[in-house]
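Here is the structure we will look at, set down as structure tokens.
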Amino acid sequence: MGSLGRAVYTLGFWIRETGQAMDRLGCRLQGNYYFQEQLSTHRTLMNIFDKAPVVDKDAFIAPSASIVGDVQVGRGSSIWYGCVVRGDVNNISIGSGTNIQDNSLVHVAKSNLSGKVLPTIIGDNVTVGHSAVVHGCTIEDEAFVGMGATLLDGVVVEKHAMVAAGALVRQNTRVPYGEVWGGNPAKFLRKLTDEEIAFISQSATNYINLAKVHAAENAKPFDEIELEKMLRKKFAHRDEEYDSMIGVVRETPPELILPDNILPGKAPKATQ
């Protein structure tokens with residue numbers, strides 16, 4: 001960033017700080033109305049100087065996730081609760097239909113033992129399981145990274161390859177097409193079956209559908225959330241004998257029914 005850009009950024013920072021200081025002063029002058037408010041500075045999408053995240057309008061970013069700096073997220077992808085995707089010293093590219101599950105970390109490499117500056121590139125329809133660490137590496141289309149796995153700088157996971165849960169894949173390791181690698185350090189375990197390869201694709205589809213439900217829920221205004229709380233209480237499951245005694249027939253409102261398409265193996269209802 002040039003000197004002008006840094007000056008504008010600094011000016012914006014001081015304006016915000018001044019506004020917060022005036023708010024605190026006003027509270028003190030109000031006497032009995034004064035209260036100490038803890039301001040949350042969490043931002044789901046955050047710039048680093050001139051590096052700004054670019055997220056497709058059809059992607060789902062959970063409210064508690066952090067997407068920072070030079071990050072691209074493609075159509076239908078989902079970044080789940082508690083994830084950190086930090087493209088500050090290099091860039092991160094996440095393709096279409098990919099899911100980065102809860103509490104995972106995706107980062108980049110500015111320097112390492114090999115002296116390489118490495119971005120992180122994640123392809124289309126990739127599944128990255130809960131609490132995985134993906135650092136300065138490449139994951140090709142329709143690959144699978146298990147829960148709690150760690151991928152270090154320079155790792156390449158080829159298409160239709162799988163890294164088992166809890167595995168540690170050392171620097172510059174290549175996981176070939178159609179293989180399962182696991183352990184610490186990760187080593188070849190066996191070949192994937194056709195059913196397992198199909199599962200990788202199905203897993204990505206399931207998360208695309210599930211993300212739509214979460215996106216819709218997170219977009220609801222306060223009034224709608226309160227109404228649904230009331231409806232759930234009113235239509236809560238009761239013992240059938242209890243309901244028959246008071247002559248009540250309970251039918252769950254359509255807005256409280258989970259869509260069929262997020263459940264694997266359950267076909268959507270036919271429309272008339």
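Please report the carbon-and-sulfur percent of the accessible area for the stretch 80-139; probe 1.4 Å, protein heavy atoms only, DNA, RNA and ligands left out.
The nonpolar share, carbon plus sulfur, comes to 54 percent.
So what's the convex hull volume per residue for the Cα atoms of the stretch 26-183, in Å³?
On the way: hull volume 20.3 nm³, N = 158.
Once divided by residue count, the hull of the stretch 26-183 is 128 Å³.
Students often check this: by mean Cβ neighbours within 10 Å, which of 214-221, 136-143 ranks highest, and how do the rest follow?
Values: 214-221: 11.6, 136-143: 23.2.
Top of the packing list down: 136-143, 214-221.
Pairs to check: 110/159; 57/220; 159/191. Give those whose C-alpha atoms are more than 24 Å from each other in this structure. Walk me through the numbers before you get to the answer.
Values: 110/159 26 Å; 57/220 17 Å; 159/191 13 Å.
With Cα atoms farther than 24 Å apart: 110/159.
Averaged per residue, what accessible area in Å² does the stretch 71-208 show with a 1.4 Å probe, protein chains only?
Working: 5610 Å² over 138 residues.
Per residue, the stretch 71-208 has 41 Å² of solvent-accessible surface.
Need the C-alpha centroid separation for the stretch 121-156 versus the stretch 1-24, integer Å.
37
The values are calculated or read from the model by the stated rules, or taken from the named source; none is laboratory data. Every value quoted in this text rests on a predicted model; they were computed, and no experiment measured them. A quick note on method: Cβ atoms are made from the backbone with ideal geometry, for glycine too, and the neighbour counts reach across all protein chains shown. Surface accessibility is based on the protein's heavy atoms, side chains included, excluding ligands, DNA and RNA. Shrake-Rupley method; radii C 1.70, N 1.55, O 1.52, S 1.80 Å.
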